[in-house]
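To start, the structure under review is shown below, and the notes come after it.
The values are calculated or read from the model by the stated rules, or taken from the named source; none is laboratory data. Keep in mind the model is a prediction, meaning the values are calculated, not measured. Cβ: placed from backbone, ideal geometry, glycine included. Neighbour counts: every protein chain shown.
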Amino acid sequence: MGDYTNMSGYYDLIMTSGYYDYPKIVNELVAGPGFQSVLEIGCGTGLILEELASRKHDIDITGFDLTEAMLAIAKERLSKFSHVHLEHQNVTGLDLHQQYDLAFSYGGVWYFVMDGINEPFLVSHIYDHQANMSGWERVAKHIAPQGHLLLGVQGPHSNYATPIRNGYVYSQAITPLPHGFNKQYFLDDGPHRLMEQSIDYRTYPFAQACEILASMGLVYQPSAANAAQFVSFVKP
Ligand SMILES: C[S@@+](CC[C@H](N)C(=O)[O-])C[C@H]1O[C@@H](n2cnc3c(N)ncnc32)[C@H](O)[C@@H]1O
């Protein structure tokens with residue numbers, strides 16, 4: 001279920017070598033409808049929240065994550081911001097006793113893949129369908145009326161190997177599964193394997209994902225679909 005313990009010690013190095021563009025992600029978050037409270041689903045080591053918290057000082061920011069080792073890094077990174085709160089939780093049982101104007105996931109528990117060629121689809125770090133349903137239900141309960149859910153958009157998955165900043169080589173390998181795919185992540189220093197992680201991802205066709213989210217009271221907003229980084233849902 002999306003455990004990032006093995007990768008945690010190398011996560012920042014890999015991601016800040018060009019895997020994600022954090023300032024661009026936050027540009028789009030802040031360009032959308034205004035919000036006073038925001039929740040990041042699967043905040044990892046807090047790279048997005050750091051960018052957001054340093055730009056927005058007058059809002060309430062919360063992040064949660066399943067992987068304690070990732071959250072430990074986030075806690076250290078974000079300790080300088082008194083308006084950021086972090087929680088160790090699994091989205092399938094999310095319970096924060098609060099509703100948020102905006103909840104978002106970028107590369108966290110759920111995201112969309114849109115390559116402009118194939119039908120768009122949703123990817124989940126949770127392979128089990130019922131567990132996904134519980135997670136969506138829990139998230140929907142944490143969004144305030146008129147609030148939004150934004151799910152990040154990523155490019156297609158492929159097998160590749162690439163050197164990162166310090167010369168280590170990051171690689172990934174994708175294998176199809178009946179309801180999604182398995183992704184293996186590797187980091188090598190010459191002949192030495194530093195990190196290996198394997199996750200089974202569930203996939204859902206775009207229309208099915210929208211139907212499920214609508215059944216939880218979160219309605220797809222096609223007007224916002226041209227935004228590059230996120231797909232938007234609103235709680236009417
Ligand atoms: C690729 S990382 C993304 C982290 C962060 N959003 C970023 O952009 O750097 C995915 C994160 O989702 C978390 N995650 C996966 N499944 C989860 C679940 N069921 N509940 C909460 N967090 C989960 C993982 O622990 C990991 O930290």
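Given N182, N132, N118, which one is modelled with pLDDT under 95 and not hydrophobic (A, V, I, L, M, F, W, C)? Let's see the steps before the verdict.
Numbers: N182 fails: modelled with pLDDT under 95; N132 fails: modelled with pLDDT under 95.
Just one listed residue meets the conditions, N118.
When T45 is tested against (1) among the β-branched types (V, I, T); (2) modelled with pLDDT of 95 or more; (3) assigned to a helix (DSSP H, G or I), just one condition goes unmet, and that condition is (3). Looking only at residues of segment 124-142 that are surrounded by 12 or more Cβ atoms within 10 Å (Cβ to Cβ) and away from the ligand (no atom under 11 Å from the Cβ), we find that the one that is farthest from P191 (Cα to Cα) is K141.
Collect the residues in segment 1-50 that are of a type in the set (D, E) and within 22 Å of H88 (Cα to Cα), keeping them in residue-number order.
Within segment 1-50, the subset of a type in the set (D, E) is 3, 12, 21, 28, 40, 50.
Of everything in segment 1-50, those that are of a type in the set (D, E) and within 22 Å of H88 (Cα to Cα) turn out to be D3, D12, E40, E50.
Looking across segment 103-123 at every residue that is part of a strand (DSSP E or B) and farther than 19 Å from T45 by Cα, the one that is nearest to the ligand (Cβ to nearest atom) is identified as V123. I need the full set of residues from segment 143-196 which are surrounded by 14 or more Cβ atoms within 10 Å (Cβ to Cβ) and charged (D, E, K, R), in order please. Passing the criteria: K183, D188.
Count of segment 18-58 residues, restricted to those that are farther than 29 Å from V234 by Cβ and more than 18 Å from the chain's Cα centre (by Cα), is 0.
Take E76 and decide whether it is charged (D, E, K, R), more than 7 Å from the ligand (Cβ to nearest atom), surrounded by fewer than 16 Cβ atoms within 10 Å (Cβ to Cβ) and within 20 Å of G135 (Cβ to Cβ). So E76 fails the test. The numbered conditions (1) free of Cβ contacts under 8 Å to residues at least 12 places away in the same chain; (2) of a type outside the set (S, T, N, Q); (3) part of a strand (DSSP E or B) are all true for R202 except (1). Condition first: among the charged types (D, E, K, R), away from the ligand (no atom under 13 Å from the Cβ) and closer than 17 Å to V139 by Cβ. Now tell me which residues in segment 79-102 satisfy that. Within segment 79-102, D101 is the sole residue that qualifies. Looking across segment 143-180, the residues that are away from the ligand (no atom under 13 Å from the Cβ), assigned to a loop (DSSP other than H, G, I, E, B), within 25 Å of Q229 (Cβ to Cβ) and not β-branched (V, I, T) come down to G155, P156, S158, N159, R165. Each residue in segment 178-192 was checked for being touching a strand residue (DSSP E or B) at 6+ places or on another chain (Cβ under 6 Å) and farther than 12 Å from S158 by Cα, and 5 of them qualify.
Residue count for segment 20-42 satisfying the condition of being in contact (Cβ under 8 Å) with a residue 40 or more places away in the chain, surrounded by 15 or more Cβ atoms within 10 Å (Cβ to Cβ) and either over 24 Å from I199 (Cβ atoms) or within 9 Å of the ligand (Cβ to nearest atom) (or both): 11.
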